[in-house]
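The values are calculated or read from the model by the stated rules, or taken from the named source; none is laboratory data. Because the structure is a prediction, the values reported are computed rather than measured. Ideal geometry is used to build each Cβ from the backbone, glycine not excepted, and the neighbour counts take in all protein chains shown. We work out accessible area using only protein heavy atoms, side chains counted, and drop any ligands, DNA or RNA first. Shrake-Rupley method; radii C 1.70, N 1.55, O 1.52, S 1.80 Å.
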Amino acid sequence: FNPDLKEKVVKRFPVQRLWLDPGKTYLCYDFWKEQFLGEVVKDLRVDVDPGSVTLLSFHEKKDVPQLISTTRHVMQGAVELEELSFDTSKNVLSGVSVAPMGSSYSVIVYIPDTYQWSPKQGKLYDDFENYTVKKVDNNILRVYLQFDNATKINWKVGFEKVK
């Protein structure tokens, strides 16, 4: 939190203070700004804008594509995801997401440098029934889910292993 309405505040935390292992690397995502903040090792530095709050997710970095956030709920996946898995034999990340009919939100996926995603439909994104997949940053993919006529969406994203 930053109650000051004029100056930003810089906060620093060792990862142990967040009950995380300082020997591991974590992926950090800002929920409110919908922005990947990068990898965190040993300590975290956060700039909190004047009169605002920052809400972050931390996920231990894996060597496969992985979910790092959703835009639906501050719990960032705990409420709106029924299933999530990565099939290493097919290089496919899949999930089952839920939400009220008529709503929408995004699933944010981190792509490690050992994998790549590229659209297959000749555009900058791939469209499927009820969801769209688009790369929005170097290592970040957004799966935009549209619950127009459903309360549950089965989605999947295929990747290629980089040698």
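What to note about this one:
- Test: residue in the range 89-112 that is under 26 Å from LYS152 (Cα atoms), more than 13 Å from the chain's Cα centre (by Cα) and modelled with pLDDT under 95: no
- Strands (runs of 3 or more DSSP E) lying entirely in the range 106-163 (those with 3 or more residues that are within 20 Å of ALA78 (Cα to Cα) and open to solvent by 80 Å² or more (accessible area, probe 1.4 Å)): 152-158
- Close pairs (7 angstrom Cβ cut-off, 6 or more residues apart or separate chains): over 18 Å from VAL92 (Cβ atoms) and without any contact (Cβ under 8 Å) to a residue 60 or more places away in the chain in the range 122-143, surrounded by 14 or more Cβ atoms within 10 Å (Cβ to Cβ) and small (Gly, Ala, Ser) anywhere: none
- Hits in the range 9-21 (condition: open to solvent by 50 Å² or more (accessible area, probe 1.4 Å) and either among the hydroxyl-bearing types (Ser, Thr, Tyr) or closer than 21 Å to PRO112 by Cα (or both)): ASP21
- Within the range 68-85, tally of residues that are crowded, with 19+ Cβ neighbours inside 10 Å and either of a type in the set (A, V, I, L, M, F, W, C) or part of a strand (DSSP E or B) (or both): 3
- For the residues TYR125, TYR110, the requirement of being closer than 21 Å to LYS163 by Cα, of a type outside the set (D, E, K, R) and in contact with a Lys or Arg (Cβ under 9 Å, 6 or more places away or on another chain) singles out TYR110.
Conditions tested, residue by residue: (1) open to solvent by 50 Å² or more (accessible area, probe 1.4 Å); (2) among the acidic types (Asp, Glu); (3) free of Cβ contacts under 8 Å to residues at least 40 places away in the same chain.
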position	(1), (2), (3)
GLU7	yes, yes, no
LEU44	no, no, yes
ASP47	yes, yes, yes
PHE58	yes, no, no
PRO65	no, no, no
MET101	yes, no, no
